[in-house]
Amino acid sequence: MIPTIIVHGGAKTITDDKIAANNVGCTAAVEAGWAVLISGGTAAEAVEAATRVLEADPTFNAGLGATLNSDGEVELDAAIMEGSLSWGAMAPPTPGANAAVQGIRHPISVARKIMDEKPRLLVARGGERFAVDCGAEMCKKEDLIAEEQWQQWKEDQEVIDRPNTIGCVALDASGVLAAGTSTGGTTKQQQGRVGDTAIVGCGLYADNKIGGCSTTGDGESIIPVVLAKTAIDFLTGDRHPDEAAQMAIDALASKVKGEAGCILIDRQGRVGWAYNSSHMACAYMTVGQDKVAAFTKK
Ligand code: GLY
């Protein structure tokens with residue numbers, strides 16, 4: 001099988017001053033995941049490695065620098081799914097004064113650990129306790145707030161290019177597909193809100209027989225159309241992932257009039273992506289490319 005990896009940095013509006021940061025961040029994420037794939041690592045390991053890079057980069061709405069909720073807190077959701085149809089997800093809001101003194105730097109890594117557990121979806125304090133128990137990198141919740149997001153929240157500025165969710169899909173040499181997604185949700189979202197990102201079929205999906213998908217956009221639009229699974233279903237009949245991705249976004253736009261994007265890899269290692277926002281940061285790498293291809297517009 002041909003190892004392949006694709007990441008997205010969110011369907012959003014990218015102002016001119018942020019184009020370079022989006023390209024650099026997505027390229028670095030692909031390089032991290034690609035290094036895992038070409039050294040014989042699994043698709044899930046590659047997705048985790050790439051997603052961790054995006055979570056650590058305040059350019060993106062995930063991990064450090066995620067958008068802030070109604071209470072001025074970072075609440076993170078992340079999920080990962082392997083094409084074997086095992087799946088794990090976490091959505092650890094840090095509500096009010098409860099266990100909110102602690103944060104999780106890389107929720108994608110905790111989601112990956114949950115893949116081997118039951119229950120499969122842990123939220124709020126339960127997710128945080130699990131993260132502590134499994135030795136995840138914890139921090140003060142304030143440590144995940146970036147200056148720019150704090151200023152926007154405090155001054156109630158219009159947020160132009162902040163959301164949306166980041167994600168990754170990878171195919172490894174043994175033919176296993178994995179998809180991952182990570183987010184801070186929507187700006188000033190109600191404390192405790194959980195969007196599509198942690199919900200299998202909506203924020204992500206992977207099936208080794210067909211393909212893998214990670215989505216980005218407004219959860220309230222993505223959830224009703226089960227966007228990731230819808231995109232995977234459009235891959236049947238060997239349809240090219242670019243066409244399948246576009247069909248999924250068209251279906252969302254016609255049914256719920258939302259803004260979203262998605263990335264796909266099919267079982268042959270072909271990549272596709274589509275969005276109906278102004279921009280979507282995206283980068284990919286496969287055998288035969290001499291360097292990562294990175295874009296903010298198609
Ligand atoms: N796609 C991220 C969210 O709606 O929470």
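Roughly how big is the chain's charge dipole about its Cα centre, with Cβ charges of +1 (Lys, Arg) and -1 (Asp, Glu), in debye to the nearest 20?
Numbers: 26 positive and 38 negative charges, 105 e Å.
The dipole magnitude comes to about 500 debye.
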Tell me, in nm to one decimal, what length is gained between Asp238 and Ile38 on full extension, where the rule is 0.36 nm per residue of separation less the Cα-Cα distance?
-> 69.4 nm
Using a 10 angstrom cutoff on alpha carbons, build the Gaussian network for the chain and name the most mobile of Asp250, Asp266, Asp77.
-> Asp250
Convex hull volume per residue in cubic angstrom - Cα atoms of segment 191-285 = 96
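Looking at the chain, send over the antiparallel percent of its DSSP beta bridges, to the nearest 5.
Values: 51 of 55 bridges.
Among the beta bridges of the chain, antiparallel pairing accounts for roughly 95 percent.
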Expressed in nanometres to one decimal, the distance between label points 7 Å along Cα→Cβ at Ser174 and Met1 is 0.9
Translational diffusion coefficient, Stokes-Einstein: compute it for the chain using the Kirkwood radius over C-alpha pairs as Rh, at 4 °C and 1.567 mPa s, and state it as an integer in µm² s⁻¹.
-> 71
Under 13 Å from the Cβ of Ile80, count the other residues' Cβ atoms, weight Lys and Arg +1, Asp and Glu -1, and hand me the total.
-> -3
With a point put 7 Å past each Cα toward its Cβ, work out how far Ile19 is from Ser84 in nm, to one decimal.
-> 4.4
Just name one of Gly83, Ala281, Thr42: the one whose Cα is farthest towards the positive end of the charge dipole of the chain (beta-carbon charges, Lys/Arg +1, Asp/Glu -1).
-> Gly83
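None of the figures in this text is laboratory data; all of them are computed from the coordinates on show. All values derive from a computational prediction rather than experimental measurement. Because the Cβ atoms are built from the backbone with ideal geometry, glycine has one as well, and the counts that use them run over all protein chains shown.
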